[in-house]
1. How many angstrom lie between the C-alpha centres of segment 78-119 and segment 135-181?
2. Take the chain, connect every pair of alpha-carbon atoms lying under 10 Å apart with a spring to form a Gaussian network, then pick out the residue of Asn291, Asn60, Asn31 with the largest mean-square fluctuation.
3. If you average the sequence gap of Cα pairs under 8 Å that are 6 or more apart and divide by the length of the chain, what percent do you get for the contact order?
4. Using the beta-carbon distance between Thr232 and Val142 and R0 = 25 Å, what value does 1/(1 + (r/R0)^6) give for FRET efficiency, to the nearest 0.05?
5. Counting only the backbone N, which residues of segment 272-293 are under 19 Å from the spot 7 Å out from the Cα of Ala253 toward its beta-carbon?
6. If you take the alpha carbon radius of gyration of the chain and divide it by 2.2 N^0.38 Å, what ratio comes out, to two decimals?
7. Assign unit charges at the C-beta atoms only (+1 for Lys and Arg, -1 for Asp and Glu), then state the dipole size of segment 64-143 relative to its Cα centre in Debye, rounded to the nearest 20.
8. What translational diffusion coefficient, in µm²/s and rounded to a whole number, does the Stokes-Einstein relation yield for segment 195-245 at 20 °C and a viscosity of 1.002 mPa s, taking the hydrodynamic radius as the Kirkwood radius over Cα pairs?
Amino acid sequence: MPSPRFDLSFDPAYGTPIAVAPGIQRLTANNPSPFTFHGTNSYIVGAGDTVAVVDPGPENDAHFEALMAALDKRRVSHILITHTHRDHSPLAARLKAATGAPTAGEGPHRASRPLHAGEVNPFSESSDMGFMPDIPLADGDVIEGDGFALRAIATPGHAANHLAFALEGSEILLSGDHVMAWATSIVAPPDGSMADYMASLDKLIARRDHLLLPGHGGPVKHPLTFLRALKTHRRMRERAVLERIKTGDRKIADMVKAIYRDTDPRLHGAAALSVLAHIEDLVERGKVETNGPPSLTGDYWVVK
């Protein structure tokens, strides 16, 4: 199974709603970065006079105005949040004030595990700590609207409170940041968990949806092939980490220099966190050892 074929051909069409499936429009915020690609996708779901908005996006005046114009006086029944990173959820408060619609999501932002003594969550400034859903959602809960129903699919890994939303009766999944066509998702401890991420991949593989609509970039048009390739890609990264440790690398910084030598240096910080996520999983599974809890500055060796 080869690594996934990433698709970078995406026109964000800022300010313009794009029909991406029957009853679903995409509106992309103008917040491009190495981590958000061309920007965050907001989705308007529903073909009638009442719709739901999934991931209103960052606190951005232009995107709010474009979103209100795209709604075109349709009533918003619900505002759904895939997860509470600042490029996805902050605009929910202003949209709720403007429309009266309740918010729905898994819960407030949290780390995937308790922080170790002295540990700092590097993603805390990138997280929307103020979000609290009006409607807490658990795996399998359904939000019903005017002619549509969205089922919450718990997909932790990128974030502990990450949800995908399945449009019932359509085999379409709004996948948030769990699966994207343009790149692999960031899994950065303690915000994220590699073990959780891999389990969530298996969960989506078992679903066999026909179309994924992600939080950034264009659709995943062949989900089963892509998901299996993503899983293979992560296992290859895991093997690369193990090989670096076996050859004598003790520090994550040295592993990153070798494994990610062809990656944009601006992403090396995120790459180090990804390596840490793999190492946490390997330590938990008894394949790698370290003194104390795994950390970015720890020393690592393979179990003999």
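1. 14
2. Largest GNM mean-square fluctuation: Asn291.
3. Normalised by residue count, the contact order of the chain is 14 percent.
4. On the way: r = 32 Å, r/R0 = 1.30.
According to the calculation, E is roughly 0.15.
5. 272-277, 279, 291
6. Working: Rg = 19.4 Å, N = 304, 2.2 N^0.38 = 19.3 Å.
It is 1.00.
7. On the way: 8 positive and 10 negative charges, 56 e Å.
So the magnitude is around 260 debye.
8. Numbers: Rh = 12.0 Å.
The estimated diffusion coefficient comes to 178 µm²/s.
The values are calculated or read from the model by the stated rules, or taken from the named source; none is laboratory data. Note that the coordinates shown come from a computational prediction; the quantities given were computed from them, not determined experimentally. Using ideal geometry, Cβ is built from the backbone for each residue, glycine included, and neighbour counts are taken over all protein chains shown. For accessibility, only protein heavy atoms count, side chains too; no ligands or nucleic acids. Shrake-Rupley method; radii C 1.70, N 1.55, O 1.52, S 1.80 Å.
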